[in-house]
Amino acid sequence: MIMKRNFGNVIVAVSLILSLAWSKAGAQVTARVEYPYDGDYTGRYMIPLDDIGAMSVAFSKHSKGGKNIFMEDFYSTDLKLLKTDSLAVDRQLGYYDNVLKDGVNYSLLTSKRGAYGVVAFDTRSRQSRMVSGQFKVKNWSLEYPKVDEDRLVFCSTEGKRGRGKDHVGIINLLTGEGRMVDIRFKGLRPHDVELLESTIIDGKIQVMVKAKEDIYLVRLDMDGRELERLCLTENLDEHILTASVSKAGSALFVTGTYAKRERRGAANGIFFARLGREHFDFIRFYNFLDLTNFTGYMSDRKKAKVERRKAKAEKNDKEMFLDYLLTSHDIIEQGDCYYYLGEAYYPTYSTMNNGRSAYTVFSGYAYTHAVIVKFDRQGNRLWDCCFPMKPSEKPYYVKHFVTMSLSPSGQILCLYGDGKQLVSKIFSDSDGSVVKDRQKELLETDDDREDVKKAGLTNTLHWYDNNFMVFGNQVVKNHATGERRRVIYINKYTME
């Protein structure tokens, strides 16, 4: 049964598809929402809100008096519409990211010229409020946003990464006042200082900073005043490229990627460390080639060549390294164990010819495989597994395709979408072995007379427990009437 209701000019189609099971992979679509692709709103984003529900946000296509309408649709976990709210926002603002904290969703709106807005939707009162302001920056980013003590904290790069200037951004969520904080090092130019991540732990802003070849932990108070800075990489031969801090109990853990030689971007492995008061209590490095099946995506010929080179290096008491670009997810903690997920990718280029000359242009990132590693609290690798990825989409930005969650039944659930294909993998938590490995075309609407003819921009996000959100664009055809419709859809998938 499909229930359609009109809310202004937006048709919301909620499909409870309780009978459509993906029996082989143990997944089923349990709810669906459709929006018309050519409706009055654009720039639509889907936001999972854990077991509270979900939100869809969009902007009106047309502005009035320099303002656009920012629309919020709040749904239950069954994708039943609970509340629609709207606010007038400056037309230069666009959606950037969100943060969920204590039942409040903060939608972060930005413009390249430094304007910002934060729309706070309280899921309990179902009311929205907004603060806004202006930074004196241009072409800036808003990365690793965190909310605590009525402050939004994030890292920002002004200009191009590697050639621009990094800041710590702080926005007062009560007044809207914002400031950019610079972390300077004597003798270093601004583009030699890179902020790897910022987070909030125990009421203090913790910033991982790369200054030339060293990594520092810089602690700030909630207004951006520096409290202390610690060099974490003295006497280390390895070069840390990316780092993420998380807290478990009273301990701080750091994980990320490293290179044996200093370089920008390409990594040779991953590391896991525990942070003491002024230094690492321990840090353990794991070469990519020591991970199980890391070269599994390669052809047999290329894989054999890598194995021969590795054996030759070991025979000469040397260590071989492969250079990879790896985008890391946030560490997941469960009990006394930690789970790392990374996705390997590389840039692709095309040769163009205008009749007079040939030139090369960037044509997106191709993804090859994903890596999962399970650690204990001492940083020992308990197991690892790699699985190939071959999404047809080649995004022009570094994207996370795979979403992962831990099942109470002792399984690790992974899901990613690729056009009309939904790829799922289920691993055993005890040893990382594959329990189920399936993929299925996204043909579900709730009507046997309908097929999905085209699909694009397919995204997957872990929602809550064993539930995932899959969304994107589809062209659906009704075989009985011949009618086609193009929609923006949200599917709720439950994996068992």
Size of the range 73-182 along its principal axes in angstrom, Cα-based, largest extent first? 46, 29, 26
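With +1 on the Cβ of every Lys and Arg and -1 on the Cβ of every Asp and Glu, and nothing else charged, how large is the dipole of the chain about its Cα centre, in debye rounded to the nearest 20?
1920
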Using the Kirkwood formula on the Cα atoms of the chain, what hydrodynamic radius do you get, in angstrom to one decimal? 24.6
Protein accessible area in the range 292-411, 1.4 Å probe - carbon and sulfur %: 46
Can you work out the base-10 log of I(q)/I(0) for the range 167-251 at q = 0.18, 0.20, 0.24 1/Å, using the Debye formula on its C-alpha atoms alone? -0.82, -0.98, -1.29
Table column - 3J(HN,Hα) (Hz), the range 164-173, Karplus curve with 6.51, -1.76, 1.60, x for Gly and Pro: x, 10, 9, 9, 9, x, 9, 10, 6, 7
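Between beta-carbons, use under 13 Å as the cut-off and find the net charge around GLU228, counting Lys and Arg +1, Asp and Glu -1.
+2
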In debye to the nearest 20, how big a dipole does the range 106-200 give about its Cα centre with +1 on each Lys and Arg Cβ and -1 on each Asp and Glu Cβ? 420
Relative to 2.2 N^0.38 Å, what does the C-alpha radius of gyration of the range 186-329 come to as a ratio? Two decimals please. 1.21
Hey, can you find the accessible area per residue of the chain for me, probe 1.4 Å, expressed in square angstrom? 48
Base-10 log of normalised Debye intensity for the range 124-181 (one unit scatterer per alpha-carbon) at q = 0.19, 0.21, 0.28 Å⁻¹: -0.70, -0.82, -1.19
Radius, Kirkwood style, for the range 40-134 when every pair of distinct Cα atoms is counted (Å): 13.4
Portion, in percent, of the accessible area of the range 45-94 that falls on carbon or sulfur, probe 1.4 Å: 45
Are any of the pairs LYS399/LYS492; LYS260/LYS318; LYS454/LYS477; LYS390/LYS425 more than 19 Å apart by Cα-Cα distance, and if so, which? LYS399/LYS492
Among 175-184, 280-289, how do they line up from the highest to the lowest mean number of other beta-carbon atoms within 10 Å? 280-289, 175-184
Per the Kirkwood definition applied to all pairs of different Cα atoms, how many angstroms is the hydrodynamic radius of the range 327-483? 17.8
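The values are calculated or read from the model by the stated rules, or taken from the named source; none is laboratory data. Just so it is clear, the model here is predicted, and its values are computed rather than measured. Note: ideal-geometry Cβ built from the backbone for every residue, glycine included; neighbour counts use all protein chains shown. With ligands, DNA and RNA removed, areas are computed over all heavy atoms of the protein, side chains included. Shrake-Rupley method; radii C 1.70, N 1.55, O 1.52, S 1.80 Å.
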